[in-house]
1. Suppose the chain between PHE5 and LEU143 were pulled fully straight at 0.36 nm per residue; how much longer would it get relative to their current alpha carbon spacing?
2. Name the residue farthest towards the positive end of the dipole of the stretch 1-147 from the options GLN131, ALA42, TYR24, assuming +1 on Cβ of Lys and Arg, -1 on Cβ of Asp and Glu, about the Cα centre.
3. Based on the mean of other beta carbon atoms within 10 Å per residue, what is the order of 100-110, 178-188, 343-353, most packed first?
4. I'd like the distance between the alpha-carbon centres of the stretch 266-338 and the stretch 89-140, rounded to an integer number of Å.
5. What figure in square angstrom, to the nearest 10, would you give for the accessible area of ASP71 with a 1.4 Å probe?
6. Under the 0.36 nm per residue contour assumption, what length would be gained going from the current alpha-carbon distance of ILE81 and ALA104 to full extension?
7. Once fully extended, how much extra length lies between LEU312 and LEU363, figured as 0.36 nm per residue of separation less the alpha-carbon to alpha-carbon distance?
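The values are calculated or read from the model by the stated rules, or taken from the named source; none is laboratory data. These figures come from a predicted structure and were not determined experimentally. Cβ sites come from the backbone with ideal geometry, for glycine too, and all protein chains shown count toward neighbours. Quick note on the areas: whole protein, heavy atoms, side chains included, nothing else; ligands and nucleic acids left out. Shrake-Rupley method; radii C 1.70, N 1.55, O 1.52, S 1.80 Å.
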Amino acid sequence: MSVRFTRGQKAILWGMVLAYTAAYLNRLNLGAALQSITRAFALTDARAGLLQSAFAIVYACGQLINGAIVDRVNPVRHMLIAMIGFCAVNMLMSFAPTYSVLLALCLVNGAFQSMLWTPIVRLMALYFVGQEARAKANIFISLTLVMGHLGAWAVSGLMAGAFGWHMSFRVPAVLGVIIFFFVRYLFRDVKVEGEKKEKAAQASGQKTPVLTLFARTGFLLILLSCILYGFVRDGIVTWAPTLLSDMGAGAMSATLISLIIPVINTLGILAGKYLNKRGVGNTRFCVALMLVMTAAFCLPLPLSSKMVVSALLMGLACAGLYGLNPLLTALVPLEYDKAGRIGLAAGLIDSFIYIGSALAGVLGGTVSQTFGANGLFVSWVLTALLSALLCFLSGTRKPMQALEEYGK
């Protein structure tokens, strides 16, 4: 891309990247430590899985709340409060004496984590004007998907194996505090400029009514698509290690497997960037296309009996899903810039994705138990295709064009 960022924009961009990387370090560490926690508290799989489900449910609800309020508050302050919160909670989790305390802290962690994404999207709207600049900024923020996964699974997996599950929360919390001070420094001059832009935005007109947002821009279809997308994305991430283990990968380190997946995901992020550029900004069509690609990679899974082939297919499917994630969670909300509803759109989209994520463990486990692994594979194919169809239909009319016609 030809657009060049100013020194101030680079500082803001690095601040957003570091902040969300810290969030992933203090979010995905639970998965890396889950096996150790299960042994320590003598948990069943269902009770252990409840920790992640509880986080996802609170996170989804929190996104609804924060999406509604972030358009009216200082996004930098909101983001910094979130960072202080999830670092403190993760430190407390490392000292949890019982399963009940740990479960309660997972709920609180979900609340603080849900405060971060919507202000980041809003900062992108404030300081990166124009489709090309926002697309470029979004690619850099997408790197948090890779860095956060690598860091969380590598650090927390190593800590859990060497020192026990407590260190899987303690070390990310300390790293998060260190990153907090870097982020605070990078945003030291952002407040004044942000307030000026806020006043200009408020003077430009009123916000679009929420019902109009839903009815005339295909947003309801996007939200339904997000639930299905979350089910497939976190279904693959959740069940892939177990499925591969059943196929003969028992001797392979779980930590090693989880480090390979985010590396492959980089290919998906690059593919998303390429398709969005070639699609001339038709973000929803690009998301639908990548969902179809995901379904295509899942389609041969029922016929595959070799562990290496299955691992590659699931890795590529996961890459497609993570590649479309920044398009869906950032570029689609940015379509509602002129409507004054960026925060609400970003919060709702992320919230509905996590509703699907919460369903992935329960429904995915039920499908696997009832119909076996092949039934789970088929459910991913059908769900991805339905999600693609809904996303495509949501973009048959350009959202802002529909709002402009409504205002006439």
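1. Gain on stretching PHE5 to LEU143: 47.9 nm.
2. Value: GLN131.
3. The packing order, highest mean first, is 343-353, 100-110, 178-188.
4. If you average the Cα positions of each part, the centres end up 22 Å apart.
5. Approximately 20 Å² of ASP71 is accessible to the 1.4 Å probe.
6. Here the answer is 6.3 nm.
7. Using 0.36 nm per residue and subtracting the Cα-Cα distance, I get 16.0 nm.
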